[in-house]
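The values are calculated or read from the model by the stated rules, or taken from the named source; none is laboratory data. Note that the structure is a prediction, hence the values are computed from the model and not measured. Neighbour counts run over all protein chains shown; Cβ positions are idealised from the backbone, glycine included. Please note that ligands, DNA and RNA were not included when accessible areas were found on the heavy atoms of the full protein model with its side chains. Shrake-Rupley method; radii C 1.70, N 1.55, O 1.52, S 1.80 Å.
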Amino acid sequence: AQTVTQSQPEMSVQEAETVTLSCTYDTSESDYYLFWYKQPPSRQMILVIRQEAYKQQNATENRFSVNFQKAAKSFSLKISDSQLGDAAMYFCAYRANNNDMRFGAGTRLTVKP
Amino acid sequence: GAVVSQHPSWVICKSGTSVKIECRSLDFQATTMFWYRQFPKQSLMLMATSNEGSKATYEQGVEKDKFLINHASLTLSTLTVTSAHPEDSSFYICSAPSGLTTDTQYFGPGTRLTVL
């Protein structure tokens, strides 16, 4: 069974600084997708970034980037120049070709002004 | 991006009654939709996979007779919580893979169910 582990229940960052959220996963598949979703207080799940496992290049989306280490089954999210609006729950997610998405327990990010 | 809606956003019902939650893909067709449940301060737990024109696939431990799923069209899936009890109170979220990049799930805004 595929599992997703987020070992940091809470993280805090100063506004304009950089923070990294950790995620590891377990799978026997070779082809899969990884995601980071943001859930603000409204509870609407918002896609932050996605990574295809077959791509070696790390995905980036503006201030958000990932460090994908396939052999280590690690998928961390780096948020640069943190903004107050980045405060939210962040969920790491895994999806294989069967379309079934699995989520980690989440990391609550606080941004201090 | 793809848009998924849910209705209602919040519902309160009495114990023993049934509640129907709708999930719609607004600008794309979805042969598959997913239903999740999220308790306060917890992650999303997959309940079932809704398949257009066929039976839903339920995760282990989810009672299919209690959580009825119907996917009657390519844009609509419904989740009916039958004979609701206070322990069914939770946040229910649906998602669908978009037609453009089907590896990515787009989520509805969720439905908060409170059973008195």
**Message:** For region A:22-80, give me each residue that is among the β-branched types (V, I, T), surrounded by fewer than 17 Cβ atoms within 10 Å (Cβ to Cβ) and under 24 Å from B:S5 (Cβ atoms).
**Reply:** A:I46
**Request:** Output the number of residues of region B:3-19 satisfying the condition of being of a type in the set (S, T, N, Q) and either surrounded by 16 or more Cβ atoms within 10 Å (Cβ to Cβ) or without any contact (Cβ under 8 Å) to a residue 12 or more places away in the chain (or both).
**Result:** 1
**Request:** Starting from residues that are basic (K, R) and modelled with pLDDT under 95, keep the ones in region A:76-103 and report whichever is farthest from B:I93 (Cα to Cα).
**Result:** A:R95
**Failed condition for A:T110, given (1) closer than 29 Å to B:Q6 by Cα; (2) within 12 Å of chain B (Cβ to nearest Cβ); (3) surrounded by 12 or more Cβ atoms within 10 Å (Cβ to Cβ)** = (2)
**Message:** Looking at B:G61, B:G53, B:G16, B:G108 in this structure, which one is touching a Cys at 6+ places or on another chain (Cβ under 6 Å) and not hydrophobic (A, V, I, L, M, F, W, C)?
**Reply:** B:G108
**Asked** Among the numbered criteria (1) over 14 Å from B:T111 (Cα atoms); (2) among the small types (G, A, S); (3) within 12 Å of chain A (Cβ to nearest Cβ), which single criterion is violated by B:S9?
**Response** (1)
**Fill in**
Exactly one of B:L74, B:L79 is in contact with a Phe, Trp or Tyr (Cβ under 6 Å, 6 or more places away or on another chain), more than 23 Å from A:R50 (Cβ to Cβ) and modelled with pLDDT of 90 or more, and that residue is B:L79
**Prompt:** Which ones in region A:7-21 are touching a strand residue (DSSP E or B) at 6+ places or on another chain (Cβ under 8 Å), touching a residue at least 40 places away in the same chain (Cβ under 8 Å) and open to solvent by 20 Å² or more (accessible area, probe 1.4 Å)?
**Reply:** A:Q8, A:P9, A:E10, A:M11, A:S12, A:Q14, A:E15, A:T18, A:T20
**Request:** Could you pull out every one of the strands (runs of 3 or more DSSP E) wholly within region A:1-97 that has 3 or more residues that are under 10 Å from the mean Cα position of the chain (by Cα)?
**Result:** A:32-39, A:46-52, A:64-69, A:74-79, A:88-96
**Request:** Scan region A:81-97 for residues that are of a type outside the set (A, V, I, L, M), open to solvent by 70 Å² or more (accessible area, probe 1.4 Å) and in contact with a strand residue (DSSP E or B) (Cβ under 9 Å, 6 or more places away or on another chain) and report the count.
**Result:** 2
